[in-house]
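Read the structure below first, then the notes.
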Amino acid sequence: MRVLLADEYGFCFGVERAVDMVEESLSKNETVRTLGPLIHNEQEMERLGAKGVSTINEPVQIGRGETAVIRAHGVTPQVQAELQEKASKVVDATCPFVTRVQRLASRAAEENRHVIVVGNPDHPEMIGVKGYAPEHAFVIRDETEIGGLPKLRNPLVVSQTTIKAKTFFDTAEAIKSIAEGETQVINTICSATRDRQDAARALAGEVDAFYIIGGNHSSNSRKLLTVCKEQCEKSFLIQTDEDIDPADLDGVETVGVTAGASTPKWLIDRVVAKLENL
Ligand code: F3S
């Protein structure tokens, strides 16, 4: 059986960087606590947990002498300041693509302009971004929510890093139609999710079965499953190599493998090794 990996799979740049930063702190024997789970992958969290990494839910839970890690989604400046006050060290693992959105929002607020961020207002990334322009930023999911916006003049429109391009551009057009002055539109969508989907789609037509490695609750992994199923009926979302059922591979000659943006390489290697052994 031939095992083929998609061209893009697994950890995105921001998640890999965050995990590397945690590993670096561990190598210096720091007591590492992350504000919220570092990534949405049970097995990687267990691996880091075994090395002493634990999760806190509120900045107040950090102890003196501990290292606080801000995960890739970022936080509000207030939360960052609270952590800095309490922890002995703060490791800021905010993904640089998220930092860019925060800076754009902050600069527009300084210029006294409204900032419309297209995204999920409950998502931690959006809560963090809004904190950079609390009086000026509004987070809306899509064009259907523009009715709730105040009167806009020369607004800036940016996006949550992981939303669909169509949602962003449709919403930006709707905002242009109601805003006075000039609407500045800056696409801040990160291509990691789309690149993984495009690569999976390109491979799905060439294989007899497809394994997507990722958490059951990981939305980008579930989306990869949908993309693969469109062309390859035998597509399975698995968390680890133990979820592979050899009966599913009867008559299969070529199998494809991809993984969500929170799936670590060691887990992917295990799945590939098991498939090659079958
Ligand atoms: Fe950053 Fe994009 Fe990943 S914004 S955390 S590289 S999905």
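The values are calculated or read from the model by the stated rules, or taken from the named source; none is laboratory data. Note that the coordinates shown come from a computational prediction; the quantities given were computed from them, not determined experimentally. Cβ sites come from the backbone with ideal geometry, for glycine too, and all protein chains shown count toward neighbours. Just so you know, the surface numbers come from the protein's heavy atoms only, side chains and all, with ligands and any DNA or RNA stripped out. Shrake-Rupley method; radii C 1.70, N 1.55, O 1.52, S 1.80 Å.
Listing for the model above:
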quantity	calculated
Residue in the range 220-245 that is least open to solvent (accessible area, probe 1.4 Å), counting only those that are part of a helix (DSSP H, G or I) and acidic (Asp, Glu)	241
Any hit, the range 94-103, residues being among the aliphatic types (A, V, I, L, M) and touching a residue at least 60 places away in the same chain (Cβ under 8 Å)	yes
Qualifying residue in the range 226-239 (condition: of a type outside the set (Gly, Ala, Ser) and within 16 Å of the chain's Cα centre (by Cα))	no
Scan of the range 72-89 for residues that are within 16 Å of the ligand (Cβ to nearest atom) and open to solvent by less than 40 Å² (accessible area, probe 1.4 Å), ordered by number	72, 74, 75
Residue, farthest from the ligand (Cβ to nearest atom), within the range 246-269, restricted to residues that are open to solvent by 10 Å² or more (accessible area, probe 1.4 Å) and touching a strand residue (DSSP E or B) at 6+ places or on another chain (Cβ under 9 Å)	253
Candidate set: the range 154-201, residues that are assigned to a helix (DSSP H, G or I) and of a type in the set (Gly, Ala, Ser); chosen: the one most open to solvent (accessible area, probe 1.4 Å)	177
Helices (runs of 4 or more DSSP H) within the range 23-120 that include 3 or more residues assigned by TED's automatic domain parsing to the domain that holds residue 174	96-110
Residue ID - nearest to residue 92 (Cα to Cα), chosen from residues in the range 13-30 that are away from the ligand (no atom under 16 Å from the Cβ) and open to solvent by 70 Å² or more (accessible area, probe 1.4 Å)	24
Number of the exception - residue 116 against (1) open to solvent by 60 Å² or more (accessible area, probe 1.4 Å); (2) more than 14 Å from the ligand (Cβ to nearest atom); (3) modelled with pLDDT of 95 or more	(1)
Enumeration of residues in the range 202-219 that are outside any loop (DSSP other than H, G, I, E, B), under 18 Å from the mean Cα position of the chain (by Cα) and surrounded by fewer than 23 Cβ atoms within 10 Å (Cβ to Cβ)	219
Residue in the range 5-12 that is open to solvent by less than 40 Å² (accessible area, probe 1.4 Å), more than 16 Å from the ligand (Cβ to nearest atom) and outside any loop (DSSP other than H, G, I, E, B) present	no
